[in-house]
Every structure is written in structure tokens, then in C-alpha cells.
Amino acid sequence: MSIPKPPWLRRRWPSGPNYEQVRKLLSEGHLHTVCQEARCPNIWECFSQKTATFLILGDRCTRNCGFCAVAHGPSAPPDPGEPERVAAAVKRMALKYVVITSVTRDDLQDGGASFFADTIESVRSLVHEIIVEVLTPDFKGNFEAVKTVICAGPHVFNHNIETVPRLYSMVRPQADYHTSLNVLKMAKQIDPSIITKSGIMLGLGEKEHEITKVFQDLLMSGCNVLTIGQYLQPTKKHLPVKNFVPPEKFQELKDEALNMGFDGVASGPFIRSSYHAKELFKSV
Ligand code: SF4
């Protein structure tokens with residue numbers, strides 16, 4: 001039996017012409033966003049502010065995480081025209097900051113790393129004054145794949161740790177906690193000046209001391225920026241919410257993480273890895 005949503009999770013979403021304009025632009029460009037595929041609760045706000053997180057490499061993931069609404073199953077071959085279409089959409093949306101993410105493509109030799117690189121290069125060649133953040137899969141911990149992405153010159157390398165190691169078998173069964181930490185460490189080894197970022201969801205049954213340990217492990221991997229948000233069940237088929245974390249607790253965790261040494265932290269019930277990404281980047 002799912003627990004009722006608390007008042008702080010009920011709010012009216014802005015909508016308006018910008019939302020429709022962005023939605024239309026994306027569908028005309030045959031482009032996917034994680035906003036739509038993962039049923040992000042902030043989509044109205046972000047689209048209305050003309051921001052979106054582009055989902056490349058198709059809309060079907062080769063993995064099946066218990067919290068994620070993205071469709072999973074066999075994926076189509078990558079579409080060679082996609083990097084330029086993303087760049088064209090970024091230009092048309094007059095974005096100053098773009099987040100590029102993807103489904104996990106364990107079926108590809110480099111996990112899709114070269115496609116990330118092509119998309120970053122296409123965007124940067126078309127829109128010069130752009131800040132690029134990539135939110136990547138773990139590339140199965142493949143150093144060369146991470147290097148391919150970093151060498152394409154993103155400003156922020158984001159890879160979500162998602163939850164505490166004890167819950168991985170339920171939440172991210174095809175992923176590995178230490179592999180994800182290593183991916184963040186590799187990014188720093190390859191380019192020590194890059195900003196690395198990660199995110200954790202709360203409300204899946206994690207304990208307070210486990211959260212603090214994740215903060216320590218991320219800092220040990222050189223992570224600069226952290227996002228902390230509330231897990232929300234996308235459909236009844238997905239993992240149930242174990243608890244709703246109150247806003248004051250998110251504030252407490254933000255203070256704790258900043259005191260521990262993160263350069264930037266966004267923490268709150270509606271915080272997602274690329275929510276207000278530009279503002280967080282500016283705060284670092
Ligand atoms: S790997 Fe990413 S896109 Fe795939 S199911 Fe997990 S969270 Fe969703």
C-alpha cells in the first residue's frame with residue numbers, strides 16, 4: 001500500500017507557451033529528453049524556462065533500474081544524425097547551459113562514449129558560448145570510454161551514484177557502487193580541472209549513516225557537486241517509496257555535505273541531477 005504524498009510534494013506546475021514551444025521543437029527534431037522519458041516532476045518548470053536534458057542514444061535502455069521510468073529492452077543502432085539535431089535544437093532554444101544524458105547502452109563496445117563526444121563537439125561548434133554538462137552511464141568502468149567523453153571538453157561530468165551500496169541489488173541491479181565511484185575518479189584523473197558531479201535519491205530505505213558514508217566516498221573520488229532529491233514512484237511497477245523526507249531534513253543534509261567539503265550542493269524534494277544545473281554550476 002503506497003504512502004500518501006505529503007503537502008510539500010503537492011504544487012501547481014507552471015505551464016504556458018514556452019512549454020508547448022519546447023515540446024514541439026523536440027518532437028519535430030525527433031529528439032528525446034530524460035525529462036519526458038523518466039517522467040521528471042519538474043518538466044513543466046524547466047520547459048517553461050526553456051531548459052531540457054537531452055537523452056541521446058535512443059529511448060530504450062539495456063538496463064532496468066527499479067526506480068527508473070525509461071523504457072528498457074533491445075535498442076536500435078545509434079542514429080548518426082542525432083548529434084547535429086541536438087546541436088540545432090540547442091541553438092533554436094538559445095540555451096546557455098545544456099545537459100546531455102543517455103540511456104545505458106551495454107550493447108555498444110564503448111557504451112556510447114563516442115556518441116557523447118560527437119554530440120558535445122556538434123553543440124560546441126554550433127553554439128560557442130555554451131556550458132555543457134554530461135550525465136553519463138558507468139560505461140562498465142571503461143577508462144577509454146570515460147576519456148573519450150572528457151576529451152570532447154564538457155565543463156561538468158556528472159554520474160549519479162543514485163543510492164547507498166546496500167540497496168544496489170534492488171535499485172540498480174546491473175550497476176556496481178564502486179564502479180560508479182571509479183568513473184568519477186577517472187574523470188578527475190583525465191582532467192583535474194573538470195567539475196564532477198553526482199546525485200543521490202532518498203526515500204528508498206537508506207539509513208542516515210549510509211548517506212553520510214556515500215558523501216565521504218564521493219568526496220574521496222574527487223566529486224565537487226552533489227544533488228540530493230526525493231525518490232518518487234513513477235508507476236506502480238516501480239519500487240515503492242519507503243519514506244518522504246521533509247524539506248528541513250534536506251536542508252540539514254545540504255549543510256552536512258557542504259561542511260564535509262562539497263563545493264556545491266542542491267538538496268530538496270524536487271531536486272534532480274540536472275534541475276537548476278546552470279545555477280548550481282554558477283555557485284561552484
Ligand atoms: S541505467 Fe539509467 S536509463 Fe537505464 S534504467 Fe537505469 S537509470 Fe534508467
Residue check: is Gly66 within 10 Å of the ligand (Cβ to nearest atom), part of a loop (DSSP other than H, G, I, E, B) and within 17 Å of Arg172 (Cβ to Cβ)? yes
Those residues of segment 162-177 that are within 12 Å of the ligand (Cβ to nearest atom) and open to solvent by less than 10 Å² (accessible area, probe 1.4 Å) come to a total of 2
Residue that is modelled with the highest pLDDT, among those in segment 88-103 that are surrounded by fewer than 21 Cβ atoms within 10 Å (Cβ to Cβ) and among the small types (Gly, Ala, Ser): Ala88
Those residues of segment 115-157 which are farther than 21 Å from Ala38 by Cβ, surrounded by 17 or more Cβ atoms within 10 Å (Cβ to Cβ) and of a type in the set (S, T, N, Q) amount to Ser122, Asn142, Thr148
Is there a residue in segment 58-70 that is within 29 Å of Leu204 (Cβ to Cβ), polar (S, T, N, Q) and under 18 Å from the mean Cα position of the chain (by Cα)? yes
Of the numbered conditions (1) farther than 30 Å from Lys242 by Cβ; (2) among the hydroxyl-bearing types (Ser, Thr, Tyr); (3) crowded, with 22+ Cβ neighbours inside 10 Å, Ser180 fails exactly one; give the number of that condition. (1)
For the structure I just gave you, tell me whether Leu55 is within 16 Å of the ligand (Cβ to nearest atom), touching a residue at least 24 places away in the same chain (Cβ under 8 Å), assigned to a loop (DSSP other than H, G, I, E, B) and of a type in the set (A, V, I, L, M). no
Per the list (1) open to solvent by less than 20 Å² (accessible area, probe 1.4 Å); (2) within 16 Å of the ligand (Cβ to nearest atom), residue check on Leu9 breaks on (2)
Of (1) over 22 Å from Ile130 (Cβ atoms); (2) in a loop (DSSP other than H, G, I, E, B), Trp8 fails just (2)
Could you please find all residues in segment 38-75 being more than 24 Å from Lys236 (Cα to Cα), modelled with pLDDT under 90 and in contact with a Lys or Arg (Cβ under 7 Å, 6 or more places away or on another chain)? Phe47
If we keep only residues of segment 70-87 that are crowded, with 18+ Cβ neighbours inside 10 Å and among the aliphatic types (A, V, I, L, M), then the residue nearest to the ligand (Cβ to nearest atom) is Val70
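The values are calculated or read from the model by the stated rules, or taken from the named source; none is laboratory data. Computed from a predicted model, the values in this text were never measured in an experiment. Heads up, the Cβs are rebuilt from the backbone with ideal geometry, glycines too, and the neighbour counts pull from every protein chain shown. Just the protein is used for accessible areas: all its heavy atoms, side chains included, with ligands, DNA and RNA removed. Shrake-Rupley method; radii C 1.70, N 1.55, O 1.52, S 1.80 Å.
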